[in-house]
Every structure is written in structure tokens, then in C-alpha cells.
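Down below is the structure, laid out as C-alpha cells.
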Amino acid sequence: MCPDYDVAAGGIRVIYRFVDILNSEGIEAAVVHRSEKFRPTWFESQTAIIGARDVRFQQGDILIVPEWYRQLTPWLAPGVPNLILNQNAYETFTDVPFERGKTASFNSSDTIGIVVISEDSLRYLGLCFPEERVDAIRLSIDAELFHVAPEGKTKTIAYMPRKRLKELNQILHLLERRGSLDGWELLPIIDVSEVEVARRLGRAAVFLALNEREGIALPPLEAMASGCVVVGFHGGSGEEYMKPDVAVPIADGEVASFVVAVESVLERWVGGDTAQVEMTKRALAMVKDRYSPERERADVVKVFGEALERVSDVVPGTAFLDWKLLPSTSVELKKTVTSLLEGKRTRRRRP
């Protein structure tokens, strides 16, 4: 399943890539959108798509439910085995008020496991759902798309302002007041295609990592593959790759330290510091080795293939997906969940 959301979002790109990998390996899969006519426009794809109202479940099928749908899971297709694809563990409870003695559930009796995309999320959801099997898939960075521009690097600082804008504004103001940005071009990356992201990173010398708590932050990895010096917050999930030998990690929220580190990186770049150049080479090699398409493909086939084996004899309890429940916005999602939960409480109160 995938939201009908046509704004650049790495999680949607991952869903499409997983489906492509499975089909290429002979495992039939499709992206389920509420509308069969929907397809994201910010990246190219020939991925198999099916409308939610056209879904027909058969023996051995699995419904993959992204964490975005949260508490809708029990109602979407009762009796059909499901896997929760959680690409952002830190969003699991953010919009669920805490009530003593109660805990929100994002799985159901039909859930056969949870799939995550980082070591950080594996630890988080292992604590949260000890009764469920949790598997991790390591994502890949496309080295054919993300690479150093043929014309080489320029005195450009790239960043993505959609994250941690308050901290970013502070950092840029401090750098500007101190004259540290003189001679450098600032290159924000927002609302552009995947190809354009790669083009901008390819010519940027420095990338400001503004990672928040999330499943895994891919932009710094894309920047590393593009030969940028990456400096900034690892945000938890980025801790698995933002090591001091390949990047300049900053303690979360330490704006002053961030500024000082950026100034040092800029000075060293202008001076042609060989140690910093070698750091970017190690970073590029690390991405190609640890986040390769081959490794992602192997993980996807293993995790979903084993899940299919576990349900091969299961006959679904329903043939249909309740497509009318599928929201088109987060506001609509919240209203739908609230309505379902209130209805459930009402039924419980009946004699």
C-alpha cells in the first residue's frame, strides 16, 4: 500500500523500488494506491500499480501496510496476513495521546512481522513490539545517479530546508554575520526531481545534514556518494553511517558547534586539505560497499520471500481491501482512525 501523495518523499520511492525488485526476482507484487490512476510525477517509474478497489486477495498473499496508515491496520483487510513496513519508527506514537494503562496498537492479529530500514529502527521497534518478528532491510544509493559532476566541484553549500528549518536559519544567520559564507554559493534543495537533486549534489562541495529522528536519513548518504563533505546532525538513524572518518557529525541540536564545524570544513576545502579530501573518498567507498543495490536486493528478496513462505498455506479471511477507509491526507487519516476507535468503544459498551 502507498498513499496518493505526489510530493518528493523518500519513503514512497522506497515502496516503488521494493516492488520493482520483487517483480524482477519473480515474486509478483504491486503498489496499491487508492486511485488506480495515481502515479508520482517526481521520479520515473514503470512500477506495477493497482487501484485499492481492484485488489482481490488469494491464498498466500500478504498485504504490506506502511506505518503511515498506523491504527487502520486491523480494519483494512481482516483475515489477510500483513507486514508493517515502518520507515519512521519515531512517528509510531507522535500523534497518539498517552493514557495510563492503555497502549496504542499498530499491528493486528493478522500481522506476521515488521520491516524496518535501519539499525536504529530495529532497536526501537524491537523494544516496542517484542511479540513481533522485526527484520531490517538496508537501503541502497544509486551510484549511477549520485556521483561527482563531470565538471567537478564548486564552492557551493547544499542543504534541504524542509527539515529542521529553525536550526538551519540560526546556522546560516551565524555564518553570514561572521562573514564565513563570503565567496560561497548557497544551494537549497527542495521540491525538485530526483535527477535534479543528484545534479545539485554532484556539484556541491559541502552538504549540511539536518537529520531528524526518522527511519533513516538518505540525503547525507546521497551527498557522500556525490563526493560532498557532509557535516551536521545524524538524528539517530544517521549514526550508523555518519562516523568521524567519513563525515563531520555534530551532537544533536548543537547549533554553535555546527557553525564552528562548517567554518572549519569551508577553510579546509579552500586550502585543499588532503585529509578532508581523503575523508570524502572513504565516504564514497563506504556508501558503494554498505548501501549497494545488490545488498538491498538481497535483503528485500530474503525478508519478503521468507514472509511469503510463512503464509503460503493461509487462505485470506476476505477477498477485498476496504478501500473506502484509505485517507488521502494525514488529517483525513486521523478522522478515520478516531471514528473507527469510537465505534469500537461503542460496540464494547453494548450489553
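The values are calculated or read from the model by the stated rules, or taken from the named source; none is laboratory data. As the structure is a computational prediction, the values presented were derived from the model and not from experiment. Here the Cβ positions follow ideal geometry from the backbone for every residue, glycine too, while neighbour counts run over all protein chains shown. For accessibility, only protein heavy atoms count, side chains too; no ligands or nucleic acids. Shrake-Rupley method; radii C 1.70, N 1.55, O 1.52, S 1.80 Å.
Side notes on the structure shown:
- The stretch 127-161, residues that are small (Gly, Ala, Ser), outside any loop (DSSP other than H, G, I, E, B) and under 30 Å from Pro81 (Cα atoms): Ala136
- For the criterion of being modelled with pLDDT under 95, surrounded by 18 or more Cβ atoms within 10 Å (Cβ to Cβ) and either under 23 Å from the mean Cα position of the chain (by Cα) or among the basic types (Lys, Arg) (or both), Leu326 passes.
- Every listed requirement among (1) assigned to a helix (DSSP H, G or I); (2) open to solvent by 90 Å² or more (accessible area, probe 1.4 Å); (3) at pLDDT 95 or above is met by Asp313 save one, (1).
- Among the residues of the stretch 153-194, the ones that are free of Cβ contacts under 8 Å to residues at least 24 places away in the same chain and on the phi > 0 side of the Ramachandran plot come to 1 in all.
- Flag for Glu296 being modelled with pLDDT under 95 and under 24 Å from the mean Cα position of the chain (by Cα): no
- Some residue of the stretch 199-214 being touching a residue at least 24 places away in the same chain (Cβ under 8 Å), in a loop (DSSP other than H, G, I, E, B) and open to solvent by less than 10 Å² (accessible area, probe 1.4 Å): yes
- Pairs where the first residue, in the stretch 79-95, is among the acidic types (Asp, Glu) and the second is part of a helix (DSSP H, G or I), C-beta under 7 Å, 6+ apart: Glu91/Glu67; Asp95/Lys334
- Residue list for the stretch 221-258, restricted to those being in a helix (DSSP H, G or I) and either free of Cβ contacts under 8 Å to residues at least 60 places away in the same chain or surrounded by fewer than 23 Cβ atoms within 10 Å (Cβ to Cβ) (or both): Gly238, Glu239, Glu240, Val255, Ala256, Ser257
- One residue alone among Gly113, Gly152, Gly179 is modelled with pLDDT of 95 or more and under 30 Å from Phe258 (Cβ atoms), and that residue is Gly179.
- Among residues of the stretch 108-126 being under 23 Å from Pro219 (Cα atoms) and assigned to a loop (DSSP other than H, G, I, E, B), the one that is nearest to the chain's Cα centre (by Cα) is Ile117.
- Number of positions in the stretch 267-293 that are part of a helix (DSSP H, G or I) and either in contact (Cβ under 8 Å) with a residue 60 or more places away in the chain or in contact with a Phe, Trp or Tyr (Cβ under 6 Å, 6 or more places away or on another chain) (or both): 8
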